[in-house]
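*Asks:* If you scroll down you'll find the structure; I have some questions about it.
The values are calculated or read from the model by the stated rules, or taken from the named source; none is laboratory data. Fair warning: this is a prediction, and the values are worked out from it, not measured in the lab. Here the Cβ positions follow ideal geometry from the backbone for every residue, glycine too, while neighbour counts run over all protein chains shown. Accessible surface is based on the protein model in full, side chains and every heavy atom, while ligands, DNA and RNA are left aside. Shrake-Rupley method; radii C 1.70, N 1.55, O 1.52, S 1.80 Å.
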Amino acid sequence: MAKVVLIGSGLAGGLLAAYLGRRGYDVNLYERRADPREGNIVGGRSINLAISTRGIHALEQIGIAHEALQHAIPMRGRMIHDKSGVLHFSPYDVDPKNCINSIGRAALNATVIEAAQRYPNVRVHFNHKCTDVDPEAATAQLETENVNVTGHGDALIGVDGAFSAVRKSMQQKIANFQYDESYLAHGYKELTIPPGPDGAWRMAQNALHIWPRKSFMMIALPNPDGSFTCTLFWQFEGPRSFATTNCDDDVRQFFDEEFPDAVPLMPTLLEDFRENPTGSLVTIRCAPWFYRDKVCLLGDAAHAVVPFYGQGMNAAFEDCVVLDECLEKFPEDRERAFSEYFSRRKENADALADLAIGNFIEMRDKTASKTFRAKKKLDHLLEAALPGIYMPLYTMVTFTRIPYAEAARSARLQDRIVYGGLISILIIVIALLFRLIAH
């Protein structure tokens, strides 16, 4: 069977190794970091993961969904915190069983790596940093602490994240490779709400908490130990921004003004703010995702998106499913399999990128408004009244496996029909009122 070199043993890399191992490929998986199962996760950088239908389906296909989800916490909706401390709960779906699941990156990463290593034809090499790739030869140059090595394969797949070394080599060495990256004006910083006495949660645990503040926001997701991982999304530059908030007094004043109900729950706020890095939020689009039958990109390496739809990991896991299907369809023609995978996923990855930026604006600006909450209630009423006919965009993206681009198109059509109908009804009612008044 063909030999495959995988670069990157993050979430999608580990899962893809399991898929390829099951299909009988000889797999060498190289990862620049140490083994995450040895407690080497770098703190202060993670936006908590939310796994939903697409990601769960990908885990089910390899038989590890139950194992992965045993420590996940279901979140049934958004808990909106306004400035006065008043809470508004907005369910994600009319069906209370439909929820997204807060899941720890380290535990999930360990689960997919262990799933891959159950196949004797899969080998995982940690502390191997990819420095260069030869697309023609499907080889990778790898640095270790002691010696440099070369990874040889019939094909090489880059699953090495938004700042992919594999993609960078493709940019440099493949003619007409298209690449675009765009950054939000906002960065993010991880903060913590520790557990209460005896590991109790100090806020509702089955919700994604949002403090929407128009031009910025904070979110918090629950963890199994009773803590919440909070993330502040804030402008890099401006009168009130990361750039202008440097000393502890400024940080304290900002949080007291904007998040007064959260501050008493955050005893390490100043330390977290000072010590945790400020991350950037990038959208990456490129094409093509493959070179002949030699090199292919998957997950963030191909299509990094900002995290506001909670779909980055789910989309990467879905990539694994689609690539596996394409390899099954064309077992003797790997280039055709790569090509079909790219054609099936590119439009959907681009659609998700747009949806994720749109959802940032929704979470930050709109979730606090009564009009927005009324629209969500109308969505749920229509979904309940017209099952199988009307489905909100969020439901299609999060709780089905409808392709992202198709979901976006369907939602636009629904909105035109529904709001066009409501406007027509309003016009008819006004006309009838005028007629009654005239008589």
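*Asks:* Among the lysines, which fall within straight-line cross-link reach of LYS376, defined as a Cα-Cα distance under 20 Å, with same-chain neighbours fewer than 8 residues apart omitted?
*Replies:* Correct list for LYS376: LYS97, LYS214, LYS366.
*Asks:* Which FRET efficiency, nearest 0.05, do GLU271 and TYR183 yield, Cβ-Cβ r, R0 35 Å? Numbers along the way, then the final one.
*Replies:* Working: r = 27 Å, r/R0 = 0.78.
Efficiency, rounded to the nearest 0.05: 0.80.
*Asks:* If each residue of separation counts as 0.36 nm, what is the full-extension length gain between PHE330 and PHE89 once their alpha-carbon separation is subtracted?
*Replies:* Values: separation 241, 0.36 × 241 = 86.76 nm, distance 4.78 nm.
That works out to 82.0 nm of additional length.
*Asks:* Right, here's the next one. Could you name the aspartates and glutamates in cross-link range of LYS173, using Cα to Cα under 16 Å and dropping any fewer than eight places away on the same chain?
*Replies:* Excluding near neighbours in sequence, the set is ASP132, ASP134, GLU136, ASP293.
*Asks:* What is the angle, in °, between the Cα long axis of helix 248-258 and the longest principal axis of the Cα atoms in the chain? Nearest 10 is fine, range 0 to 90.
*Replies:* 50 degrees
*Asks:* How would you rank 240-252, 94-106, 290-302, highest first, on the average number of other Cβ atoms within 10 Å across their residues?
*Replies:* Answer by packing, highest mean first, reads 290-302, 94-106, 240-252.
*Asks:* Further question on the same structure: Could you rank the peptides 217-227, 160-170 by their average count of other C-beta atoms within 10 Å per residue, with the highest value first?
*Replies:* Ranked by mean Cβ neighbours within 10 Å, highest first: 160-170, 217-227.
*Asks:* How big is the gap, in Å, between the Cα center of the range 259-297 and the Cα center of the range 96-122?
*Replies:* 20 Å
*Asks:* Still on this structure, I have one more. Heavy-atom accessible area per residue, the range 54-168, 1.4 Å probe: how many Å²?
*Replies:* Normalised by residue count, the accessible surface of the range 54-168 is 46 Å².
*Asks:* For the pair ILE428 and HIS152, what calculated FRET efficiency results from E = 1/(1 + (r/R0)^6), where r is the Cβ-Cβ distance and R0 = 56 Å, to the nearest 0.05?
*Replies:* Using R0 = 56 Å, I get an efficiency of 0.20.
*Asks:* Here's something else I'd like to know. Evaluate 2.2 N^0.38 Å with N set to the residue count of the range 191-295, then give the Cα radius of gyration divided by it. Mind dumping the intermediate values first?
*Replies:* Working: Rg = 17.7 Å, N = 105, 2.2 N^0.38 = 12.9 Å.
Cα Rg divided by the expected 2.2 N^0.38 Å: 1.37.
*Asks:* Here is a follow-up. Note the angle between two axes, namely the Cα long axis of helix 312-329 and the longest principal axis of the Cα atoms of the chain, as a number of degrees from 0 to 90, rounded to the nearest 10.
*Replies:* Orientation of helix 312-329: about 50 degrees from the principal axis.
*Asks:* Translational diffusion coefficient, Stokes-Einstein: compute it for the range 1-118 using the Kirkwood radius over C-alpha pairs as Rh, at 20 °C and 1.002 mPa s, and state it as an integer in µm² s⁻¹.
*Replies:* It comes out at roughly 133 µm²/s.
*Asks:* If you take every DSSP beta bridge whose two residues both sit in the chain, what share of them, in percent to the nearest 5, is antiparallel?
*Replies:* If we restrict to bridges inside the chain, about 70 percent are antiparallel.
*Asks:* Moving to a separate point now. Could you check how much of the accessible area of the chain is carbon and sulfur, as a whole percent, using a 1.4 Å probe?
*Replies:* 54 percent
*Asks:* Please express the Cα-Cα pair-distance distribution P(r) of the chain as a list of whole percents, one per 20 Å bin, running from 0 to the bin with the greatest distance.
*Replies:* 24, 53, 21, 2, 0
*Asks:* Mind checking Rg over Rh on the range 106-172, alpha carbons, Kirkwood formula for Rh?
*Replies:* Answer for the range 106-172: 0.99.
*Asks:* Using 1/(1 + (r/R0)^6) with R0 = 45 angstrom and r between the beta carbons of ASP256 and GLU38, what's the FRET efficiency to the nearest 0.05?
*Replies:* Calculated transfer efficiency: 0.70.
*Asks:* Turning to a different aspect of this structure: Going by alpha carbons, how many degrees (0 to 90, nearest 10) lie between the helix axis of 334-361 and the longest principal axis of the chain?
*Replies:* In the chain, helix 334-361 runs at an angle near 30 degrees to the longest axis.
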